[in-house]
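This report refers to the structure that appears directly beneath it.
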């Protein structure tokens, strides 16, 4: 475990925070390059992009708040400002994606921007996720639920003792963060191949989100997060409506014939009346 990336005198840089920042910077750089490649850079898209970033930050915090009310209350009771609590509280990739998407939709409506730009994010998100999840793997416990699979990972007892909750840390655990790394590394070349082949702008991003959310729902079964209700963890409860919305979106698209290949136009007669003679 390497929860601290750099420590020099009073300066302490956490591994998770450093990798999260790198992920955001790299992700936005890829997104910006894609906007430039498509010729979409202009004032309104800059404002929309800033709204997406802000929505992602807020969403990442808010979506975990209901699970951490006691922690937040204890921090406030100890005299810590609310801003400190929000900055140092839990973060969720699911919340960041949902918050960023919602903020982008609202910003576009406010600015009267109608172009679908979601596919400009479709490479940035999995690449940023890979970077961020490596930071999680290096700094977070538990890694996952206990396993006897050959790739199970064990940690030093001293490292486990530094975490207030670390079930299964005394045995080999699923490296659940690395499962997400592997999923996203595998899907990146598929996205590159599909990018010129998906006919409707925005649907490639929605397709990635559908696959990523479904995979994350499974990963939660070996992640080690606490069960909240109905035998499901907090992220799983959040993922259910998000998955339902995406499935409904694709269902409507299929029913409306959005992916139907149009028939070839009939061949034109070579001459009036279909005849082959000359006048």
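We did not get these values from a lab; they are worked out from the coordinates using the rules stated. Note that this is a predicted model, so its numbers are computed, not measured. Heads up, the Cβs are rebuilt from the backbone with ideal geometry, glycines too, and the neighbour counts pull from every protein chain shown.
Taking other C-beta atoms within 10 Å as the exposure proxy, 191, 4 rank 4, 191 from fewest upward. How high is the FRET efficiency between residue 228 and residue 170 when r is their beta carbon distance and R₀ equals 25 Å, given to the nearest 0.05? My answer for the efficiency is 0.55. Between residue 161 and residue 47, the modelled labels are 5.6 nm apart [label points 7 Å from Cα along Cα→Cβ]. Cβ crowding within 10 Å ranks 170, 17 as 170, 17, fewest other Cβ atoms first. Between residue 256 and residue 151, the simple spin-label model (points 7 angstrom out along Cα→Cβ) gives 4.0 nm.
Site pair residue 215 and residue 12 shows an inter-label distance of 3.4 nm when each label is modelled 7 Å from Cα along Cα→Cβ.
Rank these for me by crowding, 26, 238, 57, 46, going from fewest to most other beta carbons within 10 Å. Can you show the working numbers first?
Numbers: 26 16, 238 22, 57 19, 46 12.
Starting with the residue having the fewest Cβ neighbours, the order is 46, 26, 57, 238.
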